[in-house]
Amino acid sequence: LPAAVLLKDTKLMDVKLGQLGSWLAMRDFTPSGILGAIRRGHQRYYNKYINVRKGGLGGLSMVLAGYVVLSYMWSYSHV
């Protein structure tokens, strides 16, 4: 049996259409609540796209491809 999740703790994508009104009523629309939501969103974005901890072959290959394109453009300036 899956554990029951409170409606307050449910993500927006998991809320049923009939529960949307009561889910919105449980949200914190005070200035501090809105600021907290913005901070959480920024932290989530920063940790996912900016603060990447592991490098891989994909990043190295993109840097190499950029270098090849720039070298080609510098060598053939008429293009």
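The values are calculated or read from the model by the stated rules, or taken from the named source; none is laboratory data. Predicted model only: the values in this text are computed from it and were never measured. Cβ atoms come from the backbone with ideal geometry, glycine included; neighbour counts cover every protein chain shown. Please note that ligands, DNA and RNA were not included when accessible areas were found on the heavy atoms of the full protein model with its side chains. Shrake-Rupley method; radii C 1.70, N 1.55, O 1.52, S 1.80 Å.
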Next item on the list: Set Lys and Arg Cβ to +1 and Asp and Glu Cβ to -1, take the dipole of the chain about its Cα centre, and tell me which of LEU20, SER77, TYR67 lies farthest positive.
Entry: LEU20
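How about segment 10-76: which chymotrypsin sites (Phe, Trp or Tyr not before Pro) there lie in a loop by DSSP and see at most 10 other Cβ atoms within 10 Å? All intermediate terms of the calculation are to be shown ahead of the outcome.
Working: sites: TRP23, PHE29, TYR45, TYR46, TYR49, TYR67, TYR72, TRP74, TYR76; in loops: PHE29, TYR76.
Qualifying residues, ordered by number: PHE29, TYR76.
Leaving out ligands, DNA and RNA, and with a 1.4 Å probe, what % of the accessible surface on segment 7-75 is carbon or sulfur?
66
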Margin query: Can you give me the angle between helix 31-45 and the longest principal axis of the chain, using Cα atoms only, in degrees from 0 to 90, rounded to the nearest 10?
Written below: 40
Next item on the list: Return one number: the angle in degrees, 0 to 90 and rounded to the nearest 10, between the long axis of the Cα atoms of helix 57-75 and the longest principal axis of the Cα atoms of the chain.
Entry: 40
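Are there trypsin sites (Lys or Arg not before Pro) in the chain that DSSP marks as loop and that have at most 16 other Cβ atoms within 10 Å, and which are they?
On the way: sites: LYS8, LYS11, LYS16, ARG27, ARG39, ARG40, ARG44, LYS48, ARG53, LYS54; in loops: LYS11, LYS16, ARG27, ARG53, LYS54.
Within the chain, the qualifying trypsin sites (Lys or Arg not before Pro) (loop, at most 16 other Cβ atoms within 10 Å) are LYS11, LYS16, ARG27, ARG53, LYS54.
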Check: Under a 1.4 Å probe, what is the accessible area of segment 7-75 per residue, stated in Å²?
Finding: 93
